[in-house]
Amino acid sequence: MTLPAQDSIERVFSEKVEHQLLEHPGKWVGLYNDEIVAVGNSPAETLSLARKAGYPPVLLHHVPEQGKAYFF
Amino acid sequence: MVRVPGTATLIGHSPLVKVDVVVANDRRLQATAMLDSGADRTVVPLQILEALGVDYDKLKMPVGGNGEPIRGQGADGDFEIRTCRGKVRWRTTTICTEFWVANCGFVLLGRDDFFKKFDVIFDWSAPEPYVDIEPAGTMRALAVFAPDPD
C-alpha cells in the first residue's frame, strides 16, 4: 500500500540542477531558488561571491570530486 | 508495510537533505547533509565552521573512555576531529546541540543523533529509488496497522 504524497516531501534540488552540479566537481556551490548562483573553492568564498552578486544567504553544497570515493 | 514516499533527494546513491548549522551568536548557514548510518555522530565540515567564523584551533578534541583523544577513521586512515557547541537543525528538529568537526565535504547525519530521532528506510531497488524519513517509532506504528499482504 502506498500513501499519497505528503506535503512534507521535498526535493533538495531539481533534476535540472542535479545535472548542473556535476559540472563543478570538488567545488562548493551556492544555490538560491534552485539555481546555481555562486561557485567557489570553499564555503566562505562561495558565500562571498553570492553576497557580492546581491543574493541573500544561499544553500551550500559540496560537489564530490569525480573518481574519489568517500568513506566516513 | 505501508510505504510513504521519500523525503530526501537521492543524487546517485547520496541521500541528501537541507540542514541549518547554527553556532554561537546565532551565526548560521544552510548546507546539504548526507544521511550516513556509518557515521557515529553529526559531523560538520571544518570549511563550514570557518565560514561561520569559528576558530578551529580553539575547539577541543573529543576524549574517549580511555582518556585519549577520539580520532575519526576513514578510507585514507585516521583523521583529527574536534568538538563544537552549536546546533544542526533539520526542518523544525534540533538534531544535536554539539557536533564533531572534520575535514569532510558534507554535513554527515549519523546514528547517535539523526538516526535516534528519525526512522530511515532506503529502497535502492525501487523503480525510482527513495528514502523515507519519519519520526522515530512511526514506521513501526504504520507496519502494525498495515493490512496483511495476504
(1) modelled with pLDDT of 90 or more; (2) in a loop (DSSP other than H, G, I, E, B); (3) facing another protein chain (nearest Cβ under 10 Å): which one isn't true of residue B:28, the others all being true? (2)
If residue A:12 meets every condition in (1) facing chain B (nearest Cβ under 10 Å); (2) at pLDDT 90 or above; (3) surrounded by 13 or more Cβ atoms within 10 Å (Cβ to Cβ) apart from one, which number is that one? (2)
If residue B:73 passes every condition in (1) touching a strand residue (DSSP E or B) at 6+ places or on another chain (Cβ under 7 Å); (2) in a strand (DSSP E or B); (3) within 12 Å of chain A (Cβ to nearest Cβ) but one, which one does it miss? (1)
Yes or no: residue B:94 surrounded by 12 or more Cβ atoms within 10 Å (Cβ to Cβ), of a type in the set (Val, Ile, Thr), out of contact with any Asp or Glu (no Cβ under 9 Å at 6 or more places or on another chain) and in a strand (DSSP E or B)? yes
Which one is farthest from the other protein chains (Cβ to nearest Cβ), of the residues in the range B:37-60 that are surrounded by 15 or more Cβ atoms within 10 Å (Cβ to Cβ) and part of a loop (DSSP other than H, G, I, E, B)? B:59
Top-ranked residue in the range A:15-38 [being within 11 Å of the chain's Cα centre (by Cα) and more than 20 Å from residue B:34 (Cβ to Cβ); ranked as modelled with the lowest pLDDT]: A:33
Output for the range B:82-118, where each listed residue is within 22 Å of residue B:57 (Cβ to Cβ), touching a Leu at 6+ places or on another chain (Cβ under 7 Å) and within 14 Å of chain A (Cβ to nearest Cβ): B:101, B:102, B:103
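The values are calculated or read from the model by the stated rules, or taken from the named source; none is laboratory data. On a predicted model such as this, the values are computed, not experimentally measured, just so you know. Neighbour counts are summed over all protein chains in view; Cβ atoms, including those assigned to glycine, are modelled from backbone coordinates with ideal geometry.
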